[in-house]
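Okay, structure first, notes after.
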Amino acid sequence: MQIALTGTPGTGKTTVAALLPYRVLDINSLVKGGMNLGLDPERGCLEADMDALAGHLGGLDCCETLILEGHFSHHFADWSIVLRLSPSILGPRLEARGYSRAKVKENLEAEALDVILVEAVEMCPRVDEIDTTGRSAEEVAGMIGDIIEGRLSLAPGQVDWLEEFFGS
């Protein structure tokens, strides 16, 4: 079973994935490792080769739980766990990573407008949503384990950053 661990960049995917007791596949490392179409000149980042990724992931053993970690991993799974984070925390986190002002703004808007959550809901029969704001990575990893093991279900639509991001 392949489960996407997805969310806007900076929401905690990589940190939490390192704590999970499941096999984790970093989708971004596959893109950096050659499954890309080259550099996107507008964004200054590699453009993922979605067909190559789909072919590679479709050929993997599906008998074990495999976590697909990355902000577009929901394109390749039937089940997504979407991590969310308050824009007031996300902005400084992305700035600390050295993201450009435009890239920070783009990601904050995507988080406030539920872009990845909406995509996941459109693409996956099952979606769980976790607000990571104020939670430790260990707590979020525990929640993910509980979701996967069937002890917890967090339906999408619980998180709303619109007022925080855009004001009243």
* Structure fact -> Residues in segment 89-103 that are at pLDDT 95 or above and in contact with an Asp or Glu (Cβ under 9 Å, 6 or more places away or on another chain) total 1
* To do: Examine segment 83-95 for a residue that is part of a helix (DSSP H, G or I), surrounded by fewer than 22 Cβ atoms within 10 Å (Cβ to Cβ), hydroxyl-bearing (Ser, Thr, Tyr) and more than 12 Å from the chain's Cα centre (by Cα), and state whether such a residue exists.
  => yes
* Structure fact -> Residue count, segment 1-50, condition touching a residue at least 24 places away in the same chain (Cβ under 8 Å), under 22 Å from Glu111 (Cα atoms), assigned to a strand (DSSP E or B) and of a type outside the set (Asp, Glu), comes to 6
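Yes/no matrix, rows are residues, columns are (1) among the aliphatic types (A, V, I, L, M); (2) surrounded by 14 or more Cβ atoms within 10 Å (Cβ to Cβ):
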site: Ala4; (1), (2): yes, yes
site: Thr8; (1), (2): no, yes
site: Gly33; (1), (2): no, no
site: Asn36; (1), (2): no, yes
site: Asp40; (1), (2): no, no
site: Leu46; (1), (2): yes, yes
site: Ala54; (1), (2): yes, no
site: Cys63; (1), (2): no, no
* segment 76-87 residues that are in contact (Cβ under 8 Å) with a residue 24 or more places away in the chain, paired with ones that are open to solvent by 10 Å² or more (accessible area, probe 1.4 Å) and aromatic (Phe, Trp, Tyr) (beta carbon under 6 Å, 6 or more apart) -> Pro87/Trp161; Pro87/Phe165
* Verdict on Ala120 being at pLDDT below 95 and open to solvent by less than 10 Å² (accessible area, probe 1.4 Å) -> no
* Every pair of residues 6+ apart whose Cβ atoms lie under 7 Å, when the first sits in segment 98-109 and is free of Cβ contacts under 8 Å to residues at least 40 places away in the same chain while the second is aliphatic (A, V, I, L, M) and assigned to a helix (DSSP H, G or I) -> Val104/Leu94
* To do: Inspect segment 156-167 for any residue being at pLDDT 95 or above and open to solvent by 20 Å² or more (accessible area, probe 1.4 Å) and give the result as yes or no.
  => yes
* Asked: Does segment 59-75 hold any residues that are among the acidic types (Asp, Glu) and either part of a loop (DSSP other than H, G, I, E, B) or free of Cβ contacts under 8 Å to residues at least 40 places away in the same chain (or both), and which are they?
  -> Asp61, Glu64
* To do: Output the number of the condition that Ala102 fails; it satisfies all remaining conditions of (1) under 18 Å from Pro21 (Cβ atoms); (2) open to solvent by 10 Å² or more (accessible area, probe 1.4 Å).
  => (1)
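The values are calculated or read from the model by the stated rules, or taken from the named source; none is laboratory data. Please read all numbers here as calculations on a predicted model, not as lab measurements. Please note: Cβ atoms are built from the backbone with ideal geometry, for glycine as well, and neighbour counts cover all protein chains shown. Keep in mind that these areas ignore ligands, DNA and RNA; they rest on the heavy atoms of the full protein, side chains included. Shrake-Rupley method; radii C 1.70, N 1.55, O 1.52, S 1.80 Å.
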